[in-house]
Amino acid sequence: MFKLLITLINHEAGDRRELVHNGRYKTREAALNDAQKMAYIHKNATGTVTHECIVKIAEAGNV
């Protein structure tokens, strides 16, 4: 079983939040599929990164 570890970063405010996704995945591939859908980087008009979402996969027993 696998879980997703989500890190939300607001570079403008210097804020960082870490969450554990409530869902459980039977395979690493299923977890990777959802992780790729959730991850993002947002840039402003000048190209500076303002917000970011980083998603990592962990075994459910280790979280």
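State whether the residues of segment 23-41 include one that is assigned to a loop (DSSP other than H, G, I, E, B) and among the β-branched types (Val, Ile, Thr). Full working, then the answer.
Taking segment 23-41 first, the residues assigned to a loop (DSSP other than H, G, I, E, B) are 23-24, 26-27, 39.
Pick out the ones that are also among the β-branched types (Val, Ile, Thr) and you get 27.
Checking segment 23-41: at least one residue is assigned to a loop (DSSP other than H, G, I, E, B) and among the β-branched types (Val, Ile, Thr).
Note on segment 12-25: among residues that are open to solvent by 100 Å² or more (accessible area, probe 1.4 Å), modelled with pLDDT of 95 or more and not acidic (Asp, Glu), the one that is farthest from PHE2 (Cα to Cα) is ARG16. Does THR7 count as surrounded by 14 or more Cβ atoms within 10 Å (Cβ to Cβ), within 22 Å of GLY61 (Cα to Cα) and out of contact with any helix residue (DSSP H, G or I) (no Cβ under 8 Å at 6 or more places or on another chain)? Spelling it out, THR7 is indeed surrounded by 14 or more Cβ atoms within 10 Å (Cβ to Cβ), within 22 Å of GLY61 (Cα to Cα) and out of contact with any helix residue (DSSP H, G or I) (no Cβ under 8 Å at 6 or more places or on another chain).
When segment 26-60 is filtered for residues that are in contact (Cβ under 8 Å) with a residue 40 or more places away in the chain and farther than 10 Å from PHE2 by Cβ, the ones remaining, listed by number, are THR50, HIS51, GLU52, CYS53, ILE54, VAL55, LYS56. Taken together, LYS43, LYS37, LYS56 contain a single residue that is out of contact with any strand residue (DSSP E or B) (no Cβ under 7 Å at 6 or more places or on another chain), of a type in the set (D, E, K, R) and open to solvent by 40 Å² or more (accessible area, probe 1.4 Å), which is LYS37.
The values are calculated or read from the model by the stated rules, or taken from the named source; none is laboratory data. Just so it is clear, the structure is predicted and the values come from calculations on it, not from any experiment. Cβ atoms come from the backbone with ideal geometry, glycine included; neighbour counts cover every protein chain shown. What goes into the accessible areas is simple: the full protein's heavy atoms, side chains included, and nothing from ligands, DNA or RNA. Shrake-Rupley method; radii C 1.70, N 1.55, O 1.52, S 1.80 Å.
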